[in-house]
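Report on one structure; see the data block that follows.
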Amino acid sequence: MQYNIQFYNQGLYEDCAGLITKAGAPFTGSALLEIPKHGFKLNKLVIGKPGGASDATNGFIAPATLGKCVEQAAKAGWKGGIMAFQFPNADAAWIKAAKGSAFK
């Protein structure tokens, strides 16, 4: 049986660099592309973000910006997926923008 890991990334993960390539302190080594160095398969990681700025105390990325981050991760070989929390802010329009062109 295979499982996916939900990558709930709040806190310092508010831009593509911190979210995808290099997380800063105190969470160094925890950006999406850094996690496989700790033994997890890249394609088992699912990015989870709040649907709106009011849905979490931190970690919000505008859906269009998140879409660019997701595209960057997909170009690096990641295919894990995205998820959102807090409907109604995380609606169909949010998903469309957040997935960018990475998922068809």
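The values are calculated or read from the model by the stated rules, or taken from the named source; none is laboratory data. All figures in this text were calculated on a predicted structure; none of them were measured in a lab. Please note: Cβ atoms are built from the backbone with ideal geometry, for glycine as well, and neighbour counts cover all protein chains shown. The accessibility values were calculated without ligands, DNA or RNA, using every heavy atom of the protein model including side chains. Shrake-Rupley method; radii C 1.70, N 1.55, O 1.52, S 1.80 Å.
Quick check: is even one residue across the range 67-89 more than 18 Å from D15 (Cβ to Cβ) and part of a helix (DSSP H, G or I)?
Among the residues of the range 67-89, not one is more than 18 Å from D15 (Cβ to Cβ) and part of a helix (DSSP H, G or I), which makes the answer no.
Only one of G24, G29, G48 is on the phi > 0 side of the Ramachandran plot and either among the hydroxyl-bearing types (S, T, Y) or at pLDDT below 90 (or both); which?
Unique residue meeting the criteria: G29.
For (1) more than 13 Å from W94 (Cα to Cα); (2) over 12 Å from the mean Cα position of the chain (by Cα); (3) buried (at least 18 other Cβ atoms within 10 Å of the Cβ), each residue gets a yes or a no:
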| position | (1), (2), (3) |
| --- | --- |
| H38 | yes, yes, no |
| K41 | yes, yes, no |
| P50 | no, no, yes |
| D55 | yes, yes, no |
| N58 | yes, yes, no |
| A62 | no, no, no |
| G67 | no, no, yes |
| E71 | yes, no, no |
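Tally up the residues in the range 90-104 that are open to solvent by less than 70 Å² (accessible area, probe 1.4 Å) and part of a loop (DSSP other than H, G, I, E, B), please.
Residues meeting the conditions: 6.
Would you tally the residues in the range 62-104 being at pLDDT 90 or above, in contact with a helix residue (DSSP H, G or I) (Cβ under 7 Å, 6 or more places away or on another chain), within 18 Å of L32 (Cβ to Cβ) and of a type in the set (A, V, I, L, M, F, W, C)?
Summing the residues that are at pLDDT 90 or above, in contact with a helix residue (DSSP H, G or I) (Cβ under 7 Å, 6 or more places away or on another chain), within 18 Å of L32 (Cβ to Cβ) and of a type in the set (A, V, I, L, M, F, W, C) in the range 62-104 gives 7.
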